[in-house]
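Accompanying notes for the structure given below.
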Amino acid sequence: MNIAQRLAEIRERMAVAARRAGRKPEEIALMAVSKTHPAAAILEAVAAGQTLFGENRVQEFAGKRDEVAGALAAAKVKFHLIGHLQSNKAAKAVELFDGVDSVDSLRLAERLNEAAERLGKRLDVLVEINVGGEAAKSGLGPESDELYKLLDAQARLTHLTIAGCMTVPPFTEEPEGARGYFRELRELRERLRVRSGLALAELSMGMSHDFEVAIEEGSTCVRVGTAIFGARDYPAPYKEPRQ
Ligand SMILES: *Cc1c(COP(=O)(O)O)cnc(C)c1O
């Protein structure tokens, strides 16, 4: 199967999962995660109608962006950063990306806000939550002081819109194993909504092997890499790159 066929198949599976959960398929966005794959793969997906992409490293995307710029301007394609970002790269990230879905500290939010103000941009961000409390993963603790501080700071983060929450749950062999974590994020989002007065409409959760479960649990954006672009070719042993 080529990229267009895989995209069509995933969209179909998303629609089936949505209907099973009594939801409308158009409520759920498909983000194609193109990290480690070449610009040519992105262009192939754009040609198949895909408009939302996720990349996890500023440096890597900076290298690809020029190659895809022309096609992107014509097709209104958007790129979000979904990987951990160091505060000192915030300005570069704001320049390159349409959204940052992996905000995991107040300091980073402040840096992104400053950079967005300087560039005259408004940036949509998601707060990344470490639902499994795993030491190797980034994200704020579900009931952490820092999470509350970040939401309390919204009024002075004038160039950011905190649009919702994102999570990468602990890996489980069976997709069903992720259900409890997805549910936990949805319930946390409800509590944060009440507490902060923000809409927090976005729930970014679900990847190649568990996106259907995530949709059943309320996901508004599934981030799918492998099932669209094929396996990522990392030198083993692979660790998610930190930046
Ligand atoms: C790589 C990545 C994905 C996509 O994972 P697949 O299993 O390839 O679908 C989704 N979200 C984040 C944050 C990622 O880093």
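The values are calculated or read from the model by the stated rules, or taken from the named source; none is laboratory data. What you see is a predicted model; the values in this text were computed from it and never measured. Counting neighbours? That spans all protein chains shown, and the Cβs are built from the backbone with ideal geometry, glycine included. Only protein heavy atoms, including side chains, enter the accessible area calculation; ligands, DNA and RNA are left aside. Shrake-Rupley method; radii C 1.70, N 1.55, O 1.52, S 1.80 Å.
The simple spin-label model puts a point 7 Å past each Cα toward its Cβ; for Arg13 and Glu190 those points are separated by 2.8 nm. Expressed in units of 2.2 N^0.38 Å, where N is the residue count, the Cα radius of gyration of the chain is 0.96.
Charge dipole of the range 25-177 (Cα centre as origin; +1 on each Lys and Arg Cβ, -1 on each Asp and Glu Cβ, all else neutral): 780 debye, rounded to the nearest 20.
Taking loop as defined by DSSP and a crowding limit of 11 other beta carbons within 10 Å, which trypsin sites (Lys or Arg not before Pro) in the range 1-89 fit? Answer by residue number: Lys76. Counting only the backbone N, which residues of the range 1-25 are under 20 Å from the spot 7 Å out from the Cα of Thr226 toward its beta-carbon? Flagged as within label range: 1-14. Counting only DSSP beta bridges whose two residues both lie in the range 85-228, roughly 0 percent are antiparallel. Seen from every direction in turn and averaged, the convex hull around the alpha carbons of the range 54-127 projects onto 4.6 nm². If I take all pairs of Cα atoms in the range 1-127, what percentage of them are more than 19 Å from each other? The share of Cα pairs beyond 19 Å in the range 1-127 comes to 53 percent. Any idea how far the Cα center of the range 1-34 sits from the one of the range 53-75, in Å? So the two Cα centres are separated by 23 Å.
With the charge dipole of the chain set up from +1 on Lys and Arg Cβ and -1 on Asp and Glu Cβ about the Cα centre, the Cα lying farthest toward the positive end among the listed residues Leu185, Gly218, Ala91 is that of Ala91.
The relative contact order of the range 4-66, computed from alpha carbon pairs under 8 Å that lie at least 6 residues apart in sequence, is 33 percent. With point charges of +1 on the Cβ of Lys and Arg and -1 on the Cβ of Asp and Glu, referenced to the Cα centre of the chain, which listed residue (Phe79, Leu7, Val33) lies farthest in the positive direction of the dipole? It is Phe79. What the pair-distance distribution of the range 1-46 shows, using all Cα-Cα distances binned every 10 Å from zero, is 25, 45, 25, 5 percent.
Scan the range 114-201 for chymotrypsin sites (Phe, Trp or Tyr not before Pro) in coil per DSSP, keeping those whose Cβ has at most 16 other Cβ atoms within 10 Å, and list them by number. Taking the range 114-201 and a limit of 16 other Cβ atoms within 10 Å, the loop chymotrypsin sites (Phe, Trp or Tyr not before Pro) found are Phe171. Within the accessible surface of the range 60-181, defined with a 1.4 Å probe on protein heavy atoms only, the carbon and sulfur portion equals 49 percent. Across the chain, C-alpha contacts under 8 Å between residues 6 or more apart give a mean separation that, scaled by the residue count, equals a relative contact order of 21 percent. Extension gain for Thr172 to Ala74 (0.36 nm times residue separation, less C-alpha to C-alpha distance): 31.3 nm. Rounded to whole Å, the principal axis extents of the Cα atoms in the range 86-223 read 45, 30, 26, largest first.
Per residue, the chain exposes 47 Å² of accessible surface when a 1.4 Å probe is rolled over the protein heavy atoms with every protein chain present.
Taking a span of 15 Å or more along the helix axis (Cα atoms) and a mean Kyte-Doolittle hydropathy of at least 0.0 as the rule, the DSSP H helices of the chain that qualify are 58-75. Helices in the chain, meaning DSSP H runs of at least 4 residues, each add -39500 (n - 2.57). Divided by all residues, the mean residue ellipticity at 222 nm is -12500 deg cm²/dmol. Of all lysines in the structure, the ones whose alpha carbon falls short of 24 Å from that of Lys137, not counting any fewer than 8 places away in one chain, are Lys35, Lys89, Lys92, Lys149, Lys239.
What percent does the relative contact order of the range 1-133 come to when contacts are Cα pairs within less than 8 Å and at least six residues apart?
Rounded, it is 17 percent for the range 1-133.
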